[in-house]
Structures are given as structure tokens and as C-alpha cells.
Amino acid sequence: MINKKVNNVEEALNGVKDGMTFMLGGFGLCGIPENAISELVKLNVRDVTCISNNAGVDDFGLGLLLQNKQIKKMISSYVGENDEFERQMLSGELEVELTPQGTLAEKCRAAQAGFPAFYTPAGFGTEVAEGKETRDFDGKMYVLEPAFKADFAFVKAWKGDAAGNLVFKGTARNFNANMCGAAKITVAEVEELVPVGELDPNQIHIPGIFVQRIFQGKNYEKRIEQRTVRQKN
Amino acid sequence: MALDKNGIAKRIAKEVKNGYYVNLGIGIPTLVANFVRDDIEVEFQSENGVLGMGPFPFDGEEDADIINAGKQTITTMPGASFFDSATSFSMIRGKHVHLTILGAMEVAENGDIANWKIPGKMVKGMGGAMDLVASADNIIVAMMHTNKRGESKLLKKCSLPLTGVGCVTKVVTNLAVLEIKENAFHLLERAPGVSVEEIKNATEGTLIVNGEIPEMKI
């Protein structure tokens, strides 16, 4: 077993520097790497590029880095829930690259899988395709999209072990699984770090080879963005 | 009388057939799930990574790790599955999802759709809409026929930045059901009590009215 375990978030984020590109898992606030985000705020790294489907809300998730003006550029598919984001974008302080959600996921997966680029039909004929190579396959037009290049991927899983194996829960898997192994260093934080051998190899979502550092996360808030319920009768 | 949002959803629910995997967008499309016949087997896909979505949870049973694409807490049905985002869009891009229902700000007579951006005003992003419209063969747009200023949303040409080109095949509005083909809106059904004249007046794009137009049955 190759041991990926580090003792805490400080060790896990060793080497993080100004100007780097980070991938951060999560959809809305579901499955975001809460511990890594708090530490990035504490480290106060500046001018970073963040690849994340969303930008958090004003006072949680990536919104915390935005409030602190640490982000130079965001690459996301949907940023609707964050006023500070909209303000910084419209004023030109923040550079934003809006990317179709499936393309965003595939740009992560391509980086993970060693593909330099891929063709997708998403965005053809729209401003997303401007300046990009397009090509006809069997009478349908596609846009060439390059894989992402990132320094760190910060992901959050439900359970993991020191070998770096990960298991996700519910829809918290989202981009987390696709970002593993898609950056130079993948840092996984888990709700429960279990002894090696406890996870059933048949049930592992991400094999440890895609993870360089893993640590037991703490104090998860797991905030719900849109609590929606029905009443009994 | 023109339909309300639930009326539009009810009419669209009739397009959902036995054995369909269906992706519902945010807004009116979400309501469609409430009106699908219960004697057919249908699975709802949400692009954040769930197939077999169920109703909202009971108060106190919500789980932060189980949400839909609108970030609302949900439940799952027996036989449901969770997966990562790339797999989710493999289902969409790979045409494994049979029907996509989504909202729009504008639709053009050639099937173009705009629903993600108002320059200088609204910058929320396209989410999964561009992937959905570029890939799905069977796309129904659910929307009001006119905007808040009373202007037609069924146009000759979209004025807003496009989400996709030539992809919409059917539009269900508060006034009518229309099919898009050969660069025109073809009127198929009228909302109960709405005249062809009213629909003509609310449609800026080319409208083809062939013979007697029946009222919707909902």
C-alpha cells in the first residue's frame, strides 16, 4: 500500500502558491471541499484561477475567496447565486470563463485520462465557440475543447483510506470524481478516513492512484442551498 | 383562457411516454413531474448526477448530499443511481436521455434558442443547457408566449446570445403548442378559449396555420 495520508489540512495544502490554478469539486454547495477552501482563505493565496462548476454563495464555499478578492479568474458553468461574484464580474475585477457544464466535466475527465482535447457539440454556433476550431462529423458540427491544466485539485469524498481510495455519497460525487487525477496534485478530504482494507474494492468510486494526499476533514457544515420539503398530508 | 405555469406543465406531461428517461430544466419544466401519468414507467435525470429522482423529502428528512440541478433537496425512487458529472453528460451527449424539457427567453423560427444571458444585465451562466440542446433529438421548450413587456418570445431571429442553433422542435406556451420545421412555427393546438388570432398577434416569427386548429386537451 502506498500511503497518501497527511495529518491535517495544512500539510495537505503544502506548496499552494499565488497565481496557481485550482480545481474544486462540488455542485452548488453539495460536496464542496470545505476544509481546503477555509485553508485557502487562511493562506491568503492571491491571483488564483479556480475551476469550479459554481462560485459558492456570498458567505460560504468559493464565495469566501471572492469576498477576500483572492480569485483572478473563475471557470464555471453557472454562477447565479452569488451577488459579490456578479459585482466583481460586471466591474471587470474578475475574469470569468463561462463553460457549458458537460464540457467543464469533460475537460476535467480529459485531463484525468490523458486526452489533450476533445470535440463536443455543446456551444457550436454560440459565443462559447468563438475562436475555437470546429469540425463536421457525419453532418453535425463540433467544437474542439482542450483539457484543463491545473496545479491542485481539491476534492471532497464521504469515505476514504490511506491508500487514497474514495467513496462518494449521493449527488456529492458530481465534479469531485472527475477532478481526481486531473491536476498535478489531487488533495482529497473525507468525512471519514477508514482503516485500509475496510472499503470493499468492488465499491470504490475513485482508485487511490488518482489521489496524492488524503486527510480526515473536520467541522463539516454541509449547508443546504435550497431546502425544499413537502408536508406529510 | 391562457394557461398558467401548471397548465403548461400538464400539457407537456402528455409528451412523456412509457420507458422514457427525461431531463427537466429549472422552472416550469420541474413542474412536469407532478403531472406524468402514474401508469407509465419514467425516470427523471438531473444533470448533477442522479437518475430516478423522486419527490421532495418530508420535513426533517432532507439530506444535504442529495439535491437536484436547482440545488433543491430531493429523494430518490427505487432503482435510482448516482454518478459523476462526466457520466451524467455522457447520458445527455450520448443521446441516452429521450426527452429534454427546458425553459427559454427566446426561440426562433429556425429552432435557435436563447436562455442563458442578457448582456450587461444577467450573467448567471448556461449550466448544462448548451450540452442539452446541442445533443438531444427531442427538445420541448416550456415558456410563456410573451415576455413581461408583452413582446413575443417566438421570433424570426433571436436577439439574445444563443444557447444552441436549430435544435428546438416543439414549443408549449400559455397560448399554444407549436412545432418548429422548415423555418416556421406550425400551430398544432390552442390553449382552451384562446383564438388563432390571439396566437398570431403574440407570435413575431412566421406562423403557419393549417386548417382547423384543435384546443388542447389537458
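The values are calculated or read from the model by the stated rules, or taken from the named source; none is laboratory data. Here the structure is a predicted model, which means the values were calculated and not measured. FYI the Cβ positions are ideal-geometry reconstructions off the backbone, even for glycines, and counts take in every protein chain you see. Heads up: the accessible areas ignore ligands, DNA and RNA and are worked out on the full protein's heavy atoms, side chains in. Shrake-Rupley method; radii C 1.70, N 1.55, O 1.52, S 1.80 Å.
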> Any idea which of (1) of a type in the set (A, V, I, L, M); (2) at pLDDT 95 or above; (3) over 13 Å from the mean Cα position of the chain (by Cα) is the one A:L29 doesn't satisfy?
Replying inline: (3)
> All but one of (1) surrounded by 16 or more Cβ atoms within 10 Å (Cβ to Cβ); (2) out of contact with any strand residue (DSSP E or B) (no Cβ under 7 Å at 6 or more places or on another chain); (3) of a type in the set (D, E); (4) over 25 Å from B:A69 (Cβ atoms) hold for A:E84; which doesn't?
Replying inline: (4)
> Of the numbered conditions (1) within 14 Å of another protein chain (Cβ to nearest Cβ); (2) touching a Ser or Thr at 6+ places or on another chain (Cβ under 6 Å), A:L29 satisfies every one except a single condition; which is it?
Replying inline: (2)
> Among the residues of the stretch A:207-217, is any surrounded by fewer than 17 Cβ atoms within 10 Å (Cβ to Cβ) and within 13 Å of chain B (Cβ to nearest Cβ)?
Replying inline: no
> Taking the stretch A:108-120 on its own, how many of its residues are open to solvent by 10 Å² or more (accessible area, probe 1.4 Å) and either at the interface with chain B (Cβ under 10 Å from one of its Cβ atoms) or in contact with a Cys (Cβ under 6 Å, 6 or more places away or on another chain) (or both)?
Replying inline: 3
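Table: residues versus (1) in contact with a Gly (Cβ under 7 Å, 6 or more places away or on another chain); (2) within 12 Å of chain A (Cβ to nearest Cβ).
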{"site": "B:A104", "(1), (2)": "no, no"}
{"site": "B:I113", "(1), (2)": "yes, yes"}
{"site": "B:W116", "(1), (2)": "yes, yes"}
{"site": "B:M122", "(1), (2)": "no, yes"}
{"site": "B:G125", "(1), (2)": "yes, yes"}
{"site": "B:V133", "(1), (2)": "yes, yes"}
{"site": "B:I140", "(1), (2)": "no, no"}
{"site": "B:H145", "(1), (2)": "no, no"}
> For the stretch B:70-91, which residues satisfy the criterion of being more than 8 Å from chain A (Cβ to nearest Cβ) and at negative phi?
Replying inline: B:T75, B:T76, B:M77, B:P78, B:A80, B:S81, B:T87, B:S90, B:M91
> So which of A:I71, A:I51 ends up being within 13 Å of chain B (Cβ to nearest Cβ) and either out of contact with any Gly (no Cβ under 7 Å at 6 or more places or on another chain) or not charged (D, E, K, R) (or both)?
Replying inline: A:I51
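Condition check ((1) charged (D, E, K, R); (2) more than 30 Å from A:T120 (Cα to Cα); (3) in contact with a strand residue (DSSP E or B) (Cβ under 9 Å, 6 or more places away or on another chain); (4) crowded, with 20+ Cβ neighbours inside 10 Å) across all residues:
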residue	(1), (2), (3), (4)
B:L132	no, no, yes, yes
B:V141	no, no, yes, yes
B:F185	no, no, yes, yes
B:V194	no, yes, yes, yes
B:E212	yes, yes, no, no
>> So, in the stretch A:162-177, exactly how many residues are facing chain B (nearest Cβ under 7 Å), open to solvent by 20 Å² or more (accessible area, probe 1.4 Å) and either touching a Ser or Thr at 6+ places or on another chain (Cβ under 6 Å) or in contact (Cβ under 8 Å) with a residue 40 or more places away in the chain (or both)?
In response: 1
> Could you say which residue among A:V187, A:V196 is open to solvent by less than 10 Å² (accessible area, probe 1.4 Å) and either over 12 Å from the mean Cα position of the chain (by Cα) or away from chain B (no Cβ under 11 Å) (or both)?
Replying inline: A:V187
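Yes/no per residue for (1) out of contact with any Lys or Arg (no Cβ under 6 Å at 6 or more places or on another chain); (2) more than 8 Å from chain A (Cβ to nearest Cβ); (3) small (G, A, S); (4) surrounded by fewer than 23 Cβ atoms within 10 Å (Cβ to Cβ):
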site: B:A9; (1), (2), (3), (4): yes, yes, yes, no
site: B:A13; (1), (2), (3), (4): yes, yes, yes, yes
site: B:G19; (1), (2), (3), (4): yes, yes, yes, yes
site: B:N23; (1), (2), (3), (4): yes, yes, no, no
site: B:P57; (1), (2), (3), (4): yes, no, no, yes
>> Contact list please: Cβ distance under 6 Å, first residue in the stretch B:84-112 and closer than 19 Å to A:V143 by Cα and free of Cβ contacts under 8 Å to residues at least 60 places away in the same chain, second residue open to solvent by 20 Å² or more (accessible area, probe 1.4 Å) and not in a loop (DSSP other than H, G, I, E, B), pairs at least six apart or on different chains.
In response: B:A86/A:E106; B:A86/A:R109
> Could we say that A:I75 is open to solvent by 10 Å² or more (accessible area, probe 1.4 Å), over 21 Å from A:K222 (Cα atoms) and under 15 Å from the mean Cα position of the chain (by Cα) here?
Replying inline: yes
